[in-house]
Amino acid sequence: MNILNILFRNLTKPSRSQTPENKVAFPRDFRGELLHDPLQCTLCGSCVYVCSPAAITIERGESRGTWAYDGGRCTFCGRCVEYCPTEALSFANHSAPIVASRTSEITHNEIEYQRCPRCGEMMIPLPVKTIQHLYHVEADRQPTVKVYKLCERCRNRIHSQALKSSISGTKNER
Ligand code: SF4
Ligand code: SF4
């Protein structure tokens, strides 16, 4: 086959060049950019504890705390996502952005504390979604949800008072 035949055959075939539009889709469980939702985060520290390369750090101040993530240290093992009790962490279905400098790889998210509606202590309330998930509380049971939005000490007090009154109620029935 001479060169002219090959050339002619190639010219009559459709282009095999790939464009950005026909790139292959990311797999469903792709571990892309690590996303952190500060509204769901309670600064519990579980992600710090399970992260072997120490890519996540937490600082707790008087009225706010900081959750920081160093993308340059992350191995995308997924343990932080797995162990976060409030589902504040997830992987995006796209790759992490390419950054110009090492410092741009670090994400800082500030989390404001709130005052406990009962005692006024500064604290981070549990997200409603977490309350429902952990305590099997229905969204429409607002009084119960309100109890779980208190600080830990007030929650414990209310629960022990409820327990005491139920025990004394049982004794009175006897
Ligand atoms: S495990 Fe989740 S809730 Fe706890 S500090 Fe990390 S991101 Fe926040
Ligand atoms: S994916 Fe793994 S390495 Fe990356 S921040 Fe989470 S626990 Fe650390």
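Taken over the chain, lysine pairs spaced eight or more positions apart, or on distinct chains, with alpha carbons under 22 Å apart number 5. In this rough spin-label picture, where each label sits 7 Å from Cα along the Cβ direction, the SER15-ILE58 distance is 5.2 nm. Short-range pairs are left out: with C-alpha atoms under 8 Å and at least six residues apart, the relative contact order of the chain is 21 percent.
For the chain, the average shadow cast by the Cα convex hull is 19.2 nm², which is a quarter of the hull's surface.
At 7 Å along Cα-to-Cβ for each site, give me the label-to-label distance between ASN2 and LEU134 in nm. In this crude spin-label approximation the distance works out to 8.2 nm. Once backbone amide H atoms are built at 1.01 Å from N, GLY71 has ILE106, THR107 as its partners under 5 Å, excluding neighbours fewer than 5 places away on the same chain. Which angle from 0 to 90°, rounded to the nearest 10, does the C-alpha axis of helix 152-173 make with the longest principal axis of the chain? It works out to around 50 degrees.
Full extension of the segment from ARG28 to TYR83, taken as 0.36 nm per residue of separation minus the current Cα-Cα distance, would add 17.8 nm.
For region 29-112, the Kirkwood hydrodynamic radius from C-alpha pairs, put into Stokes-Einstein at 4 °C and a viscosity of 1.567 mPa s, yields a diffusion coefficient of 99 µm² per second. Applying the Karplus relation 6.51 cos²θ - 1.76 cosθ + 1.60 with θ = phi - 60° to region 64-72 yields 3J(HN,Hα) values of 7, x, 10, 9, 10, 9, 9, x, x Hz, where x marks Gly and Pro.
Residues whose amide H lies under 5 Å from that of GLU121, counting only those 5 or more places away or on a different chain, are CYS116; hydrogens are built 1.01 Å from N in the peptide plane.
Where a number appears in this text, it was derived from the coordinates with a stated rule and is not lab data. Remember, predicted model here, so these are calculated numbers, not experimental data. With ideal geometry, Cβ positions are generated from the backbone for all residues, glycine too; neighbour counts draw on all protein chains shown.
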